[in-house]
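To start, the structure under review is shown below, and the notes come after it.
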Amino acid sequence: MARVTLGGGLRPPSDGRHPTSSGSSLPPPGSRSARAEPALGAPIIRLGAVDSTQTHAATRAANGAADGTAVVAETQTAGKGRRGRVWHDIPGASLLMSLVVRSSLPVAQLPLLSIAAGVAVAEALSAIGVREPRLKWPNDVLVDGRKIAGVLLERHGDAVILGIGVNLDARAIPAELRAQATCVAEAGGGPDRDALLAGVLDAFARWRGRLEGEGFEPVRERWTSLADTLGKRVSVDGIVGIAEALDVDGALLVATERGPSRVLAGDVVAG
């Protein structure tokens, strides 16, 4: 299970609130200034242009950044996606964030944090009016079968760095990906980036708290209720069959002609 690229979370605050800025704009692209605000006992660091929020958050984690430290950027010059891919963005057209997570979970269960993160992002999108966000295993968020958000988990020392990217408007989507991707504006959601940021933090706090306090089952049940993958014929790295369930360790259970198969990592292709 340690090979699965899944996500991270935040400890719930005592009052259940997350402060956000007074507006949805961030510093101009190219700005190196940063403004910190308290959230979950740790800052939200707002930047203009960075190479990658993942890299920036990992550096801060190595320097002792607190659990819950969030890095939010206007744009990235080398944004990271799953399995070494590049995350495309245009300044101001996406929510780009990475969280420093110091979880109480055993190391073997850390990948489950990104399943919780996928659930949280889907719920936060629904809360701002996005119509029927669904989850593709392990943690992509889809609307009408097209990707609107993604989650990336990386381990750095004793910290997990959880990256979340959400397409806010169509400028975030390269022309060659228009058939496979969508955005908040097209899916009926509101345009306020800070409202979405606050919603993601709140939802993630709840699901991390449940995962660490109650185990994976509540997260698994909620993921299953939002799943786009289950019940479909899929192909994953040579394994072909019907996606049947999310296993107790986050693996995808696929019924093949040769019997059941457990998928720990890979890209799911429908059909």
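A quick yes/no check of all residues on (1) surrounded by 21 or more Cβ atoms within 10 Å (Cβ to Cβ); (2) assigned to a helix (DSSP H, G or I); (3) not assigned by TED's automatic domain parsing to the domain that holds Asn139:
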residue: Cys183; (1), (2), (3): yes, no, no
residue: Gly189; (1), (2), (3): yes, no, no
residue: Asp194; (1), (2), (3): no, yes, no
residue: Leu197; (1), (2), (3): yes, yes, no
residue: Val200; (1), (2), (3): yes, yes, no
residue: Phe204; (1), (2), (3): yes, yes, no
residue: Arg210; (1), (2), (3): no, yes, no
residue: Pro218; (1), (2), (3): no, yes, no
residue: Glu244; (1), (2), (3): no, no, yes
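Do we have Gly266 as loosely packed, with under 14 Cβ neighbours inside 10 Å and either out of contact with any Phe, Trp or Tyr (no Cβ under 7 Å at 6 or more places or on another chain) or part of a loop (DSSP other than H, G, I, E, B) (or both) here? Reasoning before the result, please.
Numbers: loosely packed, with under 14 Cβ neighbours inside 10 Å: no; either out of contact with any Phe, Trp or Tyr (no Cβ under 7 Å at 6 or more places or on another chain) or part of a loop (DSSP other than H, G, I, E, B) (or both): yes.
The answer is no for Gly266.
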With the structure loaded, tell me whether Gly9 is modelled with pLDDT under 95, assigned to a loop (DSSP other than H, G, I, E, B) and crowded, with 17+ Cβ neighbours inside 10 Å or whether it fails that test.
yes
So how many residues does segment 220-242 have that are surrounded by fewer than 17 Cβ atoms within 10 Å (Cβ to Cβ) and of a type in the set (D, E, K, R)?
4
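The values are calculated or read from the model by the stated rules, or taken from the named source; none is laboratory data. Quantities reported herein were computed from a predicted structural model and do not represent experimental measurements. A quick note on method: Cβ atoms are made from the backbone with ideal geometry, for glycine too, and the neighbour counts reach across all protein chains shown.
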